[in-house]
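The next block holds one structure in the form of structure tokens; read it before the comments.
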Amino acid sequence: MEATEKKEVVFSAIQPSGTITLGNYLGAVRNWVKMQDEYNCIYALADLHTITVRQEPAKMRKNIIDAYASIMACGVDVEKSIFFIQSHVHTHAELAWVLNCYTQFGELSRMTQFKDKSAKHADNINAGLFTYPVLMAGDILLYQADKVPVGADQKQHIELARDIAARFNGLYGDVFKVPEGFIPKNGARVMSLQNPLNKMSKSDENVNGCVHLLDDPDTIMRKFKRAVTDSEACVRYADGKDGVNNLMTIYSSVTGLSFEQIERDFEGKGYGDFKAAVGEAVVEELRPIRERYEKLVKDKAYLESCYRAADEIALKISSRTLGKAMKKVGFVR
Ligand code: ATP
Ligand code: LTN
């Protein structure tokens, strides 16, 4: 029991904004799974975050359940970790409001994800999209997390969470743990297979650019065969070879082979062979996940029992931090 208490706390979340991608998996979720034995892990489906972009209600409900089953299928084990649904735990929205008043307009204006998403959704640049990183900071700080496993695109948001925590602590004493990002060396930024200058994203309109966790083997192979490369016909990692670099990153991340080893293995071979090898490696990595998902998603009652139990524990833990923060600010408790 004591050993458990001394473990560091890990917190992370993912938006149920569509089917989970190979980028989400290699950049974040795979590390969530690996960290479960060494840390006290708390994970969430960040459904409050998803409404910063307009959602279709029936589809959103389905996405939430599918994402919950998918993450469990990846190996997040509810016997080891707490895996809850953000909107079921009211402390998140409450702390976000408080922290909004400790975050500057200028800081949020600098967030590159806000700039990207407001360019992409120019007809709906809502206040939630702007304050999204504050909700995310609250998610992390409520659990006094030490480490936050995320992809490279979230680094700026983690820095902001650290700044907000340090500022609040500077005013009121040690209320929040100042968290650290945990970004993988390889796979932190998986790019679109069709446009390797853009990150692979759940909401990509080009279906061939993005491999989904639940794609069947033929679809995966087809997407890799169509992946954009270059005219050099040489498998090597170098500036300007963004398509090949991306395929090498994916291959290395899945197989554990170094770039040097991959270059040696594919010396004298064309891109056709290489793309097929990357596709096959990904098919094998994702096969057991898809199989587990198919079983889990059928058992809605089991899924519900998992998130209900986790929601309750998350509420208990997060209420302690919220209560402390509100008391320090001056609310009558
Ligand atoms: P959306 O397209 O709705 O913005 P997304 O695909 O970017 O979603 P998020 O839910 O925002 O996914 O991210 C979940 C986790 O996956 C985060 O830790 C994020 O850093 C990571 N991640 C997302 N895309 C990639 C990618 N292409 N490569 C590596 N990690 C990624
Ligand atoms: N913003 C994150 C999802 C997210 C998150 C979090 C990640 C919401 N809350 C807390 C880590 C910690 C994203 O991946 N786009």
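For this structure, a couple of remarks:
- There is at least one residue in the range 28-39 that is of a type in the set (A, V, I, L, M) and within 11 Å of ligand 1 (Cβ to nearest atom).
- Pairing residues of the range 97-125 that are modelled with pLDDT of 95 or more with residues that are acidic (D, E) and in a helix (DSSP H, G or I), at Cβ distances under 8 Å and at least 6 apart in sequence or on separate chains, gives E107/D163; Q113/D153.
- Options I71, I42, I65: the member that is surrounded by fewer than 22 Cβ atoms within 10 Å (Cβ to Cβ), hydrophobic (A, V, I, L, M, F, W, C) and either more than 16 Å from the chain's Cα centre (by Cα) or at pLDDT 95 or above (or both): I65
- Selection of the range 7-26 for residues being within 10 Å of ligand 1 (Cβ to nearest atom) and within 21 Å of Q86 (Cα to Cα) yields S12, A13, I14, Q15, P16, S17, G18, T19, I20, T21, N24, Y25.
- Spans of helices (runs of 4 or more DSSP H) in the range 206-289 with at least 1 residues more than 22 Å from G75 (Cα to Cα) and small (G, A, S): 242-255
- Look at (1) modelled with pLDDT of 95 or more; (2) surrounded by fewer than 20 Cβ atoms within 10 Å (Cβ to Cβ); (3) within 15 Å of ligand 1 (Cβ to nearest atom) and you find that G170 fails only one, number (3).
- When every residue of the range 283-290 is checked against the conditions, at least one turns out to be under 24 Å from Q86 (Cα atoms), modelled with pLDDT of 95 or more and not acidic (D, E).
- Among the residues listed as D139, D146, D123, the single one being within 15 Å of ligand 1 (Cβ to nearest atom) and of a type outside the set (A, V, I, L, M): D139
- Scan of the range 101-135 for residues that are acidic (D, E) and within 19 Å of A166 (Cα to Cα), ordered by number: E107
- Members of the range 221-242 found to be crowded, with 20+ Cβ neighbours inside 10 Å and under 24 Å from the mean Cα position of the chain (by Cα), listed by number: K223, F224, A227
- Pair list, Cβ < 7 Å and 6+ apart or interchain, from the range 126-140 residues that are touching a residue at least 12 places away in the same chain (Cβ under 8 Å) and under 12 Å from L95 (Cα atoms) to residues that are of a type in the set (S, T, N, Q) and more than 14 Å from ligand 1 (Cβ to nearest atom): V134/N100; V134/T103
- The range 144-161, residues that are within 23 Å of K316 (Cα to Cα), within 12 Å of ligand 2 (Cβ to nearest atom) and surrounded by fewer than 24 Cβ atoms within 10 Å (Cβ to Cβ): K147
- Among the residues here, F176 does not qualify as within 16 Å of ligand 1 (Cβ to nearest atom) and aromatic (F, W, Y).
- Failed item in (1) surrounded by fewer than 18 Cβ atoms within 10 Å (Cβ to Cβ); (2) farther than 26 Å from D204 by Cα; (3) over 18 Å from the mean Cα position of the chain (by Cα), with D77 passing the rest: (3)
- Residues in the range 42-66 that are in contact (Cβ under 8 Å) with a residue 12 or more places away in the chain and either within 14 Å of ligand 1 (Cβ to nearest atom) or touching a His at 6+ places or on another chain (Cβ under 9 Å) (or both): 17 in all.
The values are calculated or read from the model by the stated rules, or taken from the named source; none is laboratory data. Computed from a predicted structure; not experimentally measured. With ideal geometry, Cβ positions are generated from the backbone for all residues, glycine too; neighbour counts draw on all protein chains shown.
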